[in-house]
Structure formats: C-alpha cells, structure tokens
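These notes are about the structure you will find just below.
The values are calculated or read from the model by the stated rules, or taken from the named source; none is laboratory data. What you see is a predicted model, and the numbers here were worked out from it, not measured in a lab. With ideal geometry, Cβ positions are generated from the backbone for all residues, glycine too; neighbour counts draw on all protein chains shown. Only protein heavy atoms, including side chains, enter the accessible area calculation; ligands, DNA and RNA are left aside. Shrake-Rupley method; radii C 1.70, N 1.55, O 1.52, S 1.80 Å.
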Amino acid sequence: MKKFLIFLTSLILIAVFGIYFYLQSTKPTYEGQLDLEGLKDQVEVKYDTYGIPHIYAQNEEDAYMALGYVHAQERLFQMEMIRRVSTGTLSEILGADLLDVDKLFRTLGVKEKSKELAKQFNATNSEHKSAAEAYFKGVNSFIKNGPTPIEFTIIGIPKRDFTIEDAYNAGGYMAFGFAEGFIADPAISQLVEEHGEAYLEDLLFTSSEQTTYIYNNPHVDSSKLTSLAQIIKQIPIPLIVGSNSWVIGSERTKSGKPVFENDTHIAYSQPSVWFEAHLEYPGMSHFGHYLAGVPFSILGHNKFAAIGMTMFENDDVDFYYEKENPEKGNQIWRNNSWEDLTERTEVIKIKDAEPETITVRSSSHGPIVNDIFFKDFKNKSPYSVWWSFLQYNNDLMNALYKLNHIASIDDAREGSSLIQSPGLNIMYADTAGNIAWWASATLPIRPPHVNTKLVLDGTGKDDILGFYDFSKNPQAENPEWGYVYSANNQPDSVDGVLYRGYYYPRDRAGRIVELIKAKPSGWTAEHSINMTADVISPVQVEVAQTLVALIKESKVEIPTEVLNLLENWDGDHQINDIEPSILYTIQGWLQYYMLGDELGSENLKALNGTSTLKTSFLHLIQNNESIWWDDVTTPEKENQLDIISKSVNSALNTLERNYSSTNPSDWKWGEIHTLTHNHPLGEVEALKKYFSVGPIPIMGGREVINNQGHDLDTTGIFNVKMGPAVRTVIDLSNMNGAMSINPTGQSGNFLSKHYNDQAQMFANVEFRPQLMDSLDVANDTKSILTLNPEN
C-alpha cells in the first residue's frame, strides 16, 4: 500500500509539473533571439515596464512584420474571435448556441464585402500594401512557429493564417458596433405599429433641449425585426459604443501648444480592445493603438501630430419594406419595375452537430433580414437593410496608413476624407499649433420626408438620393473659440442641413464644454488628466431634482434622509457616495413602469443603453401629460404621480434587499457598481478567476465624462458594461511626455504579468507614460527580444 501511495503521488506530481511546464511554454516571449522567415534585417523589440513593445527596424516592412509577430503572440485569440464574429463562424467552435449570431453576420455579408475589398487591395500597388502584407507575414510566422494559445487548446480552435481580408472583416466588426440603427430602428418601428406615432412625441430623435451642438467651422408590420437586438447581445466580443475627445488650442494652454485628449468608449472585455506599440524605422516614429488583426493604428501619434477618434453616430442603417411580386416571389417592386433578388448559399458548420445551410437573398437596398430570422412571420413580404459598410468601396486601410504617416494638417484632412464607413470623428492636434475635428463618413442625401428611425418604403420613394461631398461634412479647423471636442453629440448644421443620427445627449458634451470654458487660459495636460476623472453629472442632478419634486407631490412614503440626499446631491459618482445608488435604482423601476408596458421587456432591454432613451429620459419624466404614463395593460388610466409612487416603493424594497439594510448610509455606490473585464472563457465558472479580471468597485456612472455605463433595470445591481478603452493625454509641446492607460493590460495571455497590471490603475484614473524618446525607452527597458532574418 505504501508503495502504491508513493507511486500515485509521483504520478500526480509528474502531472502537475507537466501542466505547469506546458502552461509556461504558452507565455509570450519577451526576450532572447528568434529567427523569422522573410525578415530582411535584424529588428530589436524593447519591452518596457508595462509590456509595451518598442520596435526598432531598418525598414518599413521589417517593422510591420515584427509588429504582426508581437501582436499575435499577445492577442491571437482576440484576432480569431473578431474574425469568427464578423464572418459568422462562431458555431464551428462554440456550438449551436451561437448559430443566430452566425446567421446574422452571414446574412449581412461582412465576409462577402471583405472579399471584395481584399480583391481591390490585391489589384492595386498602393503605398500601404507592402506594410500590410508584412504585418500578416509576422502574424502567420507566430501561428506557424509560436506556441498555441491556451484558448485554442481548451476550445479546440484550428489555427489558420490571416490575410488582408481579415483586416477588412475587423473593419466590418467595428462598423457593426457603431450602427445603433440595428437595435433602435426595429424596436421603434414595432412601437409605432402596435401603439401609434403619438408615442414618438416624447422620444427625442432630433435636436432638443437635451442637445449640446458641436460647432462647425468648415475648410408597416415590423414586430419580429427586434430579434436582431437580442442576437447582438450574444456576441462574445466587445462592440465600440461611444467616446470622448477634446483638444485645447495653443492660445488657451500654458505651454503655447495644443493639449490633446482621447478616450474611446467600448464594451469592457478581457483582453482589452487596444494593443499599444511603438514603431521606429527610417522616416517613421509612431506610437499607436491597434485593433486585433488590423495592421495600422486607429489612434496614435508621431513626433509631429496626434490623432484620436470618437463615434460620429451618423445614421448609417435603414430598413426597407419591400413590395414582393405576388406572381413571382423572387422579385420586388423598385422604381416602377420588378427587380430580381439575388441569392447566395451559406453553409454554417456547427460543433457537435450537422451543418446548417441558409439561403441569403438581397435586393439593391441590401440583404433581406427576415428570410433567416422570421420564417414564422405571418407577413411574408421581405424586409431589407441598407448598411453603409456594404455600400462603399474606399479602402479603410489606406486611410489609416495615411493617418499614421501625417506630416501636416493637409495629410490629416486627406486621410480623414477617405473614411466612408464607419462614421468617425477624427480629432487632431500638431506641434505647429493646429487643431481640428472632421466628421468622417460618406453621408447620404435622404428625401426630406423620411423618418429613418422607422422602416421605410422600398418601392423607391424613400430611397437615398445621392451623397454629400466631404467638404459638406461637419468639421472645424483652428476655430476662433480655441478648442474642438466630441462626445458623440449632434454636430451643428452645415449649409442648413442637420445630419440625423443616433447622437448622445448633453450629459458628457455639456460638461466638457462647461469645464473648458471655465478655464480660458493656462490649460495644461494635468487639467485634461483631471478632467478624464470627472464623474459629476449636472444632468443627473436635474433628474434628481425633478424626482424629488414629484415624490413630494405624490406624497409617497419615503425616509426623510433618502429624500434629503437626493435633494442636496451635487451629481458626484464616487465609490462611497450613496445618492447614485438611490437615484439609479429609482430610475430603473421608473423606466420599467413607464415604458415597459408599451415596448415590452425585450425592446426595453434593446433600447436600454441607446442614445434614444438616454436623450429622452429627463424630457419624459418632466412631461406630466406624456402618453407614456398610462399603463396600457390595466383598465385604469394611470398618471405621472401613480407611476412615481409605484417606482419609489419598488426602488426602496430593492435597495433594502440588495444591501440587507434599511439604513441609507449603507447604500454605497461601489458595492453595486463594479467592473469585471470578462474573458469568453470566464463564462465557465471554474475558469472565471483565471481569465476574467475583477470585480473592481469603480467610480463613475452613466454618461459622465468618466463614463462607466451600466444597464438601467430593476435588479438594482449596476454592473459596468462599457467605458473608456484607453485614456490618452498629450501636451504637444512635449510629445515624449504623452500619457495613457489601458483598462487591464497589454497581454491577452492570462499567465503574463501584463495581463492585468493596469487594471487597478485604470479604475483609479491613473496614467503611465507612452515612451517614444530613445533614451527614455532604454532606461525603462525590462527585456529585449531580437528578431533575426532566417538563414
């Protein structure tokens, strides 16, 4: 028996050591010598304190090949997941639960559009072609010679090479995340179909008292459509959902040069979205933030200028009701004649199941969406979707390459003008003192009578009439007021045209303008850093004051301490504050009781985080005559005070339950407002503590500058879903002093020390340097990886 126990113990130790050494073998290589086939000269990669690679090469192709290699060794699983989401191939590795997501992206045709763009790319000899191809050589070199990421082994993902087509797929994924119309339009159309257009009066789709404008300075039955919103929620990687940026002009700064800030807002995930890298080769010095599988940075700066971005939020999705030929079902009526629908067949592989074959039909508007999702729908007429990403052919990679290589404001303007989709606000500053903002997209000219938030008539009368020239896009270069900014809010009109979209309310935008105007001179990088941490919401103060007045009028029973807290609140959202806990819990129940009966639970969830409800909420609760106050599911006619009383009672019960206390002093915001960076493998409870990062109590709230977005529901638990995916501040008088922070860390490998080494710093709104000066890099180098040409 003793010998058996010794033998068993030995086997266990061997297994443990075997697993340990196997896991260690999957870690990124940060030092030593590696040979790469296709490399021309030696490349040195210096890793700093936070695992950021500083790539020193003798030529452009070697720099991008090295970038591809180091990017892949940290983020290959992320690259793979973006590729599989955008091409509709998740079911192949994750099973039938993801089939609806695959059907959505196969129907939209991102993969087909990417093939078209890749063919166009391969047929040209543009300046960015060799750099992009070198990047993918580096990615594929890691796939061939590097260790297999643990996620590939656990899930059983086959390794495949990446090509330029996958970069366009990533662009499609990014564009899809920008397109709020996929969620909002169907839900709003169903509302009108079931309850009438009167319910739209209090939903502020256009300019209103809730709008802060960005000033210009130019150089039918649709109820089943809402399934799309629920499918979107199944996507296992983050979508881009907003952003802030402000650039202070030289005349307002202490240094006499612009001060630049950018923080992109993206659904939180692990690994985080952006990968940072610094490239140095003759004629080029660039520090960038890279999306997995895209060779050129989307945010970044060189020694001359900084580029940032926010979502433009232009309306780039239209649904059309097509009139089908009753005698020949594969035709629709368009512009006074019958038009044949095109067809293509898609075979979707499913793990542990037989493949599913679908037929995708398309009109000249775009793919027919109900062919796949709504087979049981009584009305068999087709609904198509026009999406800008599928319509345009300009090369996003070319635009990004130009923006990575800017040497003047003219270069930046040209690069910005090449972006057709997705719509981006390009933010700019340079050491010559120029500042600028360009709303970059190809904007359609729509007939004046159409409401693009509803399903349109597909016979031709609602069709797009043409497209505006880029010179007519909202923009400002060196404006006389001395700053530019964007918080996804409505740009002012250009030549009398106010471009419609899904713009966000004045919450962040108004606060940004307020803080900038309060300091007309002497602005520094430190002021911008402090501003990124701002969690005061004047708008939520207005909400609280409105609710206090209504609560008093309703005479609902509420502890005096609770009412006093709301009445005297200054709008701050710190971890130990109590007021946000009370206010958002009341809001969640109020939104449910006021809107849930008309919208239904699924549509209410779909619209929860959209600009529509965020813009409309204060207006809704201030209008005591609003049609929304009545509960259509009851025979009685409820009024404003009835719903207020009901909401307050439910909220108090929820607070007492969640905190296990009736004492308001215990209701601290940080206990119900926490951030967890979820990894796809974190969905498995046994793996969550290894792959996901958090939960971390965090300051902030909905639509404050330090935007920590959460659902507004009746649970009373406000887990943070989205927020800044990076924060960057640069005083252009000192480009080597650029500062930034990543939500978790550089690495996507859970064993790397850089997997989560910035997570608490991020929650605390701390910054660390973006090193570019050769001496600074040398002094902070922790390891050196030398890449050699293969003999």
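Filtering segment 491-510 to residues that are in contact with a strand residue (DSSP E or B) (Cβ under 7 Å, 6 or more places away or on another chain), more than 23 Å from Ala412 (Cβ to Cβ) and assigned to a loop (DSSP other than H, G, I, E, B) leaves only Tyr504. Taking the listed residues Ser665, Ser660, Ser645, Ser692, the one that is open to solvent by 70 Å² or more (accessible area, probe 1.4 Å) and among the small types (Gly, Ala, Ser) is Ser660, with no other qualifying. Taking first residues from segment 412-426 that are hydroxyl-bearing (Ser, Thr, Tyr) and partners that are open to solvent by less than 40 Å² (accessible area, probe 1.4 Å) and not in a helix (DSSP H, G or I), the Cβ contacts under 6 Å between residues at least 6 apart in sequence or on separate chains come to Ser416/Ile426; Ser416/Trp438; Ser416/Ser440; Ser421/Tyr392. The numbered conditions (1) under 30 Å from Pro769 (Cβ atoms); (2) open to solvent by 30 Å² or more (accessible area, probe 1.4 Å) are all true for Ala487 except (2). Listed by position, the strands (runs of 3 or more DSSP E) contained in segment 290-341 that have at least 3 residues being open to solvent by less than 10 Å² (accessible area, probe 1.4 Å) and either over 30 Å from Asn140 (Cβ atoms) or among the basic types (Lys, Arg) (or both) are 305-311, 317-321.
When restricted to residues that are closer than 20 Å to Ser650 by Cβ, more than 36 Å from the chain's Cα centre (by Cα) and among the polar types (S, T, N, Q), segment 531-575 contains 2.
When segment 335-354 is filtered for residues that are in contact with a helix residue (DSSP H, G or I) (Cβ under 9 Å, 6 or more places away or on another chain) and closer than 15 Å to Ala96 by Cβ, the ones remaining, listed by number, are Ile348, Lys349, Ile350, Lys351, Asp352, Ala353. Which residues, taken from segment 534-566, are outside any helix (DSSP H, G or I), out of contact with any strand residue (DSSP E or B) (no Cβ under 9 Å at 6 or more places or on another chain) and either closer than 26 Å to Arg727 by Cβ or open to solvent by less than 10 Å² (accessible area, probe 1.4 Å) (or both)? Answer for segment 534-566, where residues must be outside any helix (DSSP H, G or I), out of contact with any strand residue (DSSP E or B) (no Cβ under 9 Å at 6 or more places or on another chain) and either closer than 26 Å to Arg727 by Cβ or open to solvent by less than 10 Å² (accessible area, probe 1.4 Å) (or both): Asp534, Ile536. The residue list Thr744, Thr781, Thr714, Thr786 contains one member that is of a type in the set (Val, Ile, Thr) and within 30 Å of Ser650 (Cα to Cα), which is Thr714. Within segment 567-620, restricting attention to residues that are charged (D, E, K, R) and not in a helix (DSSP H, G or I), which residue is surrounded by the fewest Cβ atoms within 10 Å (Cβ to Cβ)? Only one residue tops the list, namely Asp570. Pairing each residue of segment 278-289 that is under 19 Å from Val729 (Cα atoms) with any residue that is open to solvent by 10 Å² or more (accessible area, probe 1.4 Å) and not in a strand (DSSP E or B), provided the two are 6+ apart or on different chains, yields C-beta distances under 6 Å for Ser285/Lys303. Residues in segment 233-258 that are modelled with pLDDT under 95 and either open to solvent by 10 Å² or more (accessible area, probe 1.4 Å) or of a type in the set (D, E, K, R) (or both): 8 in all. Cβ-Cβ distances below 7 Å connect the following pairs, each with a first residue in segment 25-38 that is under 12 Å from Leu751 (Cβ atoms) and open to solvent by 50 Å² or more (accessible area, probe 1.4 Å), a second residue that is of a type in the set (Ser, Thr, Tyr) and in a loop (DSSP other than H, G, I, E, B), and a separation of six or more residues or different chains: Lys27/Ser752. Restricting segment 259-289 to residues that are of a type in the set (S, T, N, Q) and buried (at least 24 other Cβ atoms within 10 Å of the Cβ), the residue that is nearest to Asn707 (Cα to Cα) is Thr264.
Here's the yes/no breakdown for (1) surrounded by 19 or more Cβ atoms within 10 Å (Cβ to Cβ); (2) closer than 30 Å to Gly510 by Cα:
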| residue | (1), (2) |
| --- | --- |
| Thr633 | no, no |
| Glu671 | no, yes |
| Gly682 | yes, no |
| Ile705 | yes, yes |
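The set of residues from segment 746-791 being closer than 15 Å to Val693 by Cα, assigned to a loop (DSSP other than H, G, I, E, B) and among the hydrophobic types (A, V, I, L, M, F, W, C) comprises Phe750, Leu751.
Put simply, of Ile529, Ile536 the only residue that is under 30 Å from Ala439 (Cα atoms) and touching an Asp or Glu at 6+ places or on another chain (Cβ under 6 Å) is Ile536. Would you pick out the residues in segment 745-777 that are open to solvent by 10 Å² or more (accessible area, probe 1.4 Å) and under 17 Å from Met735 (Cα atoms)? Passing the criteria: Phe767, Pro769, Leu771, Asp773, Ser774, Leu775, Asp776. Within segment 761-791, the set of residues being of a type in the set (Val, Ile, Thr) and closer than 15 Å to Ala738 by Cα comprises Val777 only. Residues in segment 707-745 that are polar (S, T, N, Q) and closer than 20 Å to Gln587 by Cα: 5 in all.
Considering Ser692, Ser650, which residue is polar (S, T, N, Q) and closer than 24 Å to Leu550 by Cα? The conditions single out Ser650. Scanning segment 524-533 for residues that are surrounded by 18 or more Cβ atoms within 10 Å (Cβ to Cβ), under 15 Å from Glu514 (Cα atoms) and not hydroxyl-bearing (Ser, Thr, Tyr) returns His527, Met531.
For segment 461-490, which residues satisfy the criterion of being in a helix (DSSP H, G or I) and of a type outside the set (Lys, Arg)? Scanning segment 461-490 gives Phe470, Ser471. State whether the residues of segment 171-190 include one that is within 29 Å of Trp387 (Cα to Cα), assigned to a helix (DSSP H, G or I), at pLDDT 95 or above and open to solvent by 10 Å² or more (accessible area, probe 1.4 Å). Among the residues of segment 171-190, not one is within 29 Å of Trp387 (Cα to Cα), assigned to a helix (DSSP H, G or I), at pLDDT 95 or above and open to solvent by 10 Å² or more (accessible area, probe 1.4 Å), which makes the answer no. There is no residue in segment 388-410 that is surrounded by fewer than 22 Cβ atoms within 10 Å (Cβ to Cβ), in contact with a Lys or Arg (Cβ under 8 Å, 6 or more places away or on another chain) and among the β-branched types (Val, Ile, Thr).
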